[in-house]
Amino acid sequence: MNNPVDIDIIILSYAKGPELRKLTETALSTLYDSELPKNIRFNTVVIESYKSAKKYDFPNTKTIYPKEKFGYHKYMNIGIEMTQSPFVCICNNDLEFHKGWASEILKAFEEDSDLSSASPACSIHHPNHGIALNSGMYYGYEVRKELTGWCLFFKREILAVTGKLDPKFKFWFADNDYSMTLQKHDLKHALVTSSIVNHLESQTLNTKRTRERRRLTAKERFFYEYKWEGRSYLSYLWKTKRLK
């Protein structure tokens with residue numbers, strides 16, 4: 001009898017109120033209903049980012065409340081370091097997992113041994129952008145096309161090549177940085193359209209004030225331009241100072 005495949009699931013939560021806590025609970029419920037435990041075992045870490053949240057252990061997870069200041073990549077690194085399975089999936093909390101989503105990605109890894117990273121398709125997003133469900137694999141690195149930052153599934157072994165996720169990206173442009181890092185190291189990524197995980201389009205982010213959202217996006221954009229697009233370091237510092 002074969003042992004189940006272990007997959008580490010790292011989910012970022014922002015349970016500021018009952019509705020947002022319910023959002024994470026729905027993601028977890030659909031996650032555990034999506035695969036048979038005899039085939040796939042999910043080892044799930046929920047990282048709660050709302051500092052004032054009352055301590056609450058999400059079902060079937062290890063729930064942690066980091067003391068460190070928030071950063072998307074920083075928090076995901078905490079979850080990754082707590083786990084050790086050969087496969088890792090970093091996720092938003094505004095997701096609905098469909099039956100067999102993980103099995104389909106594992107199948108893609110088996111069919112192409114050089115594939116290092118994958119994203120599932122979203123039945124809400126991808127058909128509206130010209131990609132039909134169950135239409136095969138699409139290789140590439142374009143964010144919100146082949147690479148969906150709300151759900152990234154990769155072989156843990158790539159971290160020995162890429163290093164940790166860059167903690168400089170506190171929220172926005174984290175998926176762009178992940179994309180560029182894969183390309184830098186010539187690591188293959190694909191959208192697996194037979195794997196379905198629906199994204200409810202930034203339900204957590206939409207609760208934040210406009211000014212806070214602007215702050216979250218602008219600094220990361222300037223740093224991304226410095227790291228990958230040739231913006232000078234002095235220009236990066238000048239731009240970020242103006243945001244304070």
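Each value in this text was obtained by applying a stated rule to the coordinates, not by laboratory testing. Just so it is clear, the model here is predicted, and its values are computed rather than measured. In this analysis, Cβ positions are derived from the backbone assuming ideal geometry, glycine residues included, and neighbour counts consider all displayed protein chains.
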For residue 55, which aspartates and glutamates qualify as cross-link partners when the Cα separation must be under 17 Å and same-chain residues fewer than eight apart are set aside?
19, 25, 68
Fewest-first ranking of 90, 78, using other Cβ atoms within 10 Å as the exposure measure
78, 90
Going by amide H atoms built from the backbone, whose H comes under 5 Å of the H on residue 87, apart from near neighbours?
8, 156
Can you list residues from other chains, or at least 5 along the same chain, whose modelled amide H is less than 5 Å from the amide H of residue 13?
47, 48, 49
CD proxy at 222 nm, helix term only [per DSSP H run n ≥ 4: -39500 (n - 2.57); per residue of the chain; nearest 500]
-10500 deg cm²/dmol
Paramagnetic reach from residue 113 in segment 158-194 [backbone N under 20 Å; point 7 Å along Cα→Cβ]:
158-161, 186-190
Check cross-link reach from residue 155 to the lysines: straight Cα distance under 22 Å, and skip same-chain residues fewer than eight apart.
38, 62, 74, 99, 107, 145, 164, 184, 188
Size descriptor, Kirkwood hydrodynamic radius, that averages inverse alpha-carbon separations across the chain, Å:
18.5
Return the single residue from 52, 34, 195 with maximal mean-square fluctuation; model: Gaussian network over the chain, springs between Cα atoms under 10 Å.
52
Roughly what % of DSSP beta bridges within the chain run antiparallel, to the nearest 5?
35
For segment 153-166, what does the Karplus curve 6.51 cos²θ - 1.76 cosθ + 1.60, with θ = phi - 60°, yield as ³J(HN,Hα) per residue in whole Hz, taken in order and with x for Gly and Pro?
10, 8, 6, 4, 4, 5, 5, 5, 9, 8, x, 5, 4, 5
Can you list residues from other chains, or at least 5 along the same chain, whose modelled amide H is less than 5 Å from the amide H of residue 40?
5
How would 91, 122 line up from fewest to most surrounding beta-carbon atoms within 10 angstrom?
91, 122
Taking the number of other C-beta atoms within 10 Å as the exposure measure, put 158, 105, 196, 124 in order starting with the fewest.
124, 158, 196, 105
